[in-house]
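What follows is a set of notes on a single structure, which appears directly below.
The values are calculated or read from the model by the stated rules, or taken from the named source; none is laboratory data. Quantities reported herein were computed from a predicted structural model and do not represent experimental measurements. Cβ: placed from backbone, ideal geometry, glycine included. Neighbour counts: every protein chain shown.
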Amino acid sequence: MTTPIYVVSGFLGSGKTTFLSKILSSYQKEVLIIQFEDGEEELDANLTNTGGLHLMCWKKEELEKDYERVISEITKEIEAHEYQEIWVEWNGMEAFSKLEHIFLQLRMLPFSYIEKVIYLADVQQAEILLGQTGEGPMSQVASSDIVFVRNEKNTKNINKFKQKLKSISSSLDIRLLPQENIEKEAIKTKFNPNIIWIEIILLAGVFLFMLPSLEQRGIPVNAVLTMFMGVFLQGVPFLLLGVLLSAAIQIFVPKEWIEKVFPKSPILGMAAGLAAGFFLPVCDCASIPVFKSLLKKGVALPAAVCFMTASPIVNPVVLISTYYAFNNDIRAVFYRTGLGLICSFLIGLSFLFKKPADFLKEGTETFSYCTCGCYEENETGKGILGKIQLFFRHAQLEFYDVGKYLLIGIFISSLFQTANLAGLKNLGNSSMPIAVFAMILLSFLLSLCSSSDAVVARSLSGTFSFVPMLGFLVFGPMMDIKNVMMLKGYFKGKFVLRLAITALLVCYAAVLIFGLLGGGMVI
C-alpha cells in the first residue's frame, strides 16, 4: 500500500502547527506527523497521546547537519508501518527540492507519494519576505497545489498578494482563511492519474465491440490505428531520448559550461545552436524537450530556436536515412542540409530582431522554479546519487508532460494520413510555387518522423520534382501537427503561432528561390 503525503509549508508564524492541529483533531486513522521545525506553537499534546497519531520531529539544524541520518530514520519508519496518511510540516526557509529528495527517493517510492502541497501565508508577512529570503520559499510556492492566506481584510491587498503568488505559479488554487470546511479542501484528493488508464481500458473495450460495425459503415478505423501505432512506435524512442537529454542537461550540465558552448554573441550563439544539431541524434519529437531545457539553462532564444529547427534535419540519423532514400546520391543530403541550416538561421534571426517578452505558457513550470525540484541553487552538493535520482524524476515528469501532447498530435496526423489527400498530390504538376506549397502543407499534415520522411518524399518522385520535395524535407521536421501540439504544452499560443508562420514563410521562400535559380537535381 502506498501512503499519501500531505505537506504543509510556510514562513514561521504562518499558522502551520495550528492548521495541523485543526485538521488532525478529528482523525481516527493511523497517521505519521513529521515536523521539521520548532515554531511558536506546539502540536496539541492530546493529538499525539491518541493511539493513531505518531510524531517525528527534527530541528532545522539537525536537517542541515545530519541530513542523511534524518532521511534514513524517516525511510525506516515508513517502511516498518502501514500508515494511512503522512503529514509533513516543512520549514518555511528550506528549498522544496530537499523535501522531494527525502520522499521521492527510489527506496521510498513503493511506500509513499506526495498527494498535496499546502502553503500557508500571512499576507503582510509573506508580502515582505517572499522574494527577499532566497529561492527556498519561492520554490515552496511554485510546488504548492493550494495556498491559504490569512490576516488581511483589505480586498485590494489580498488581490495584490494573489497576483504575486500567481506570478510564481499561475496554476495555484488560492483560498482565504478562516474558511468553512477547510479540512475537506485541504485533503480533497487530486485527480488520480490511474483513472485515466481505467477510462482508456473501458473505451478500448467499447471500441473493440463497435469495430466491426464502424468498418462496415466505411470508417477506416483499422487504417487509422495502424498509422497511429506506426508513428507512435517510431516517435516514442526518440521522444524518450530527447527527454533523457533534456534531464541530463538540466541536472548534470553546469550553466557555466552551457554559456561557453553558446557564446553571448547572438550570431555566434546561433551558430553554436546549428552546430549542436549535428552531434545530437534527436528527431523533431525529441528536439522540443531539449529546446525547453536549453532555454531554462539561460541559452538565448534565437540560439535555442536555431537548435530546435536545425537538429531534426542535420542530425546523423537523418543524414544517413536521406542518403539511402535517394539511392546513395550525396547531393540530396547536401541540398537538404544546406537549406535546412539557412532556414534555421533565418528563423532564429527573426527572434533576435523582435524577441517576445513573455512566451512561456501559463500553468506550466516557470524557468526559475522547476516543480521537479531542480532549482539553480540546489543543483550542487547533492552528490552523484542525489543527482541520479533527480535526473530520473525530471525525465519521468518530462516524459508524461510532453507525451500526452505527442499522442494527440499523432492521432490527428493519423487521420490525415488515412484521408484522401489526392488533391494535394495532384498539384505536383502545377507551377513550382504551387507545388512547393502543396508539399509543405503535406509535410505538416502527415507529421512524419524526420528519421524516415525522406523515404516518403522519395516515393512521390513520380508526381513531384526534387525542389518541392525539399519543401517537404525542410519544413516538415521543423513544424508539423505533433510538433505544434508539443510546443503548445510549454509555450503560449502567440509564440507557437509566430514560430510556425515564420518557419512557413522562411522555408517556402528559401526553397522557392532555390528552385527558381535552377537548383536541385533530376531524380
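For residues in the stretch 321-333 being surrounded by 14 or more Cβ atoms within 10 Å (Cβ to Cβ) and not hydroxyl-bearing (Ser, Thr, Tyr), which is farthest from Cys449 (Cα to Cα)? Among them, the one singled out is Asp329. Among the candidates Val305, Val317, the residue that is of a type in the set (A, V, I, L, M) and at pLDDT 85 or above is uniquely Val305.
I'd like to verify a number: residues in the stretch 281-307 that are free of Cβ contacts under 8 Å to residues at least 60 places away in the same chain and either hydrophobic (A, V, I, L, M, F, W, C) or over 18 Å from Met479 (Cβ atoms) (or both), how many? Counting residues in the stretch 281-307 that are free of Cβ contacts under 8 Å to residues at least 60 places away in the same chain and either hydrophobic (A, V, I, L, M, F, W, C) or over 18 Å from Met479 (Cβ atoms) (or both) gives 16. Whether any residue in the stretch 491-506 is touching a strand residue (DSSP E or B) at 6+ places or on another chain (Cβ under 9 Å) and buried (at least 24 other Cβ atoms within 10 Å of the Cβ) is what I want to check. Yes, some residue in the stretch 491-506 is touching a strand residue (DSSP E or B) at 6+ places or on another chain (Cβ under 9 Å) and buried (at least 24 other Cβ atoms within 10 Å of the Cβ).
Residues of the stretch 6-46 that are at pLDDT below 80 and either of a type in the set (A, V, I, L, M, F, W, C) or not assigned by TED's automatic domain parsing to the domain that holds Asn151 (or both): Leu43, Ala45.
Listed here are the residues, each with its yes/no results for (1) modelled with pLDDT under 85; (2) assigned to a helix (DSSP H, G or I).
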| position | (1), (2) |
| --- | --- |
| Ile128 | yes, yes |
| Gly131 | yes, no |
| Val141 | no, yes |
| Val149 | no, no |
| Asn157 | no, yes |
| Gln163 | yes, yes |
| Ala186 | yes, yes |
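Which residue is farthest from Gln389 (Cα to Cα), if the candidates are limited to the stretch 81-113 and must be of a type in the set (S, T, N, Q) and surrounded by 22 or more Cβ atoms within 10 Å (Cβ to Cβ)? By that ranking, first place goes to Asn91. Only one of the numbered conditions (1) within 20 Å of Pro312 (Cα to Cα); (2) polar (S, T, N, Q); (3) surrounded by fewer than 21 Cβ atoms within 10 Å (Cβ to Cβ) is violated by Ser451, and that is (3).
Scanning the stretch 445-461 for residues that are closer than 25 Å to Phe278 by Cβ and without any contact (Cβ under 8 Å) to a residue 40 or more places away in the chain yields a count of 2. When restricted to residues that are of a type in the set (A, V, I, L, M) and farther than 18 Å from Cys343 by Cα, the stretch 455-483 contains 5.
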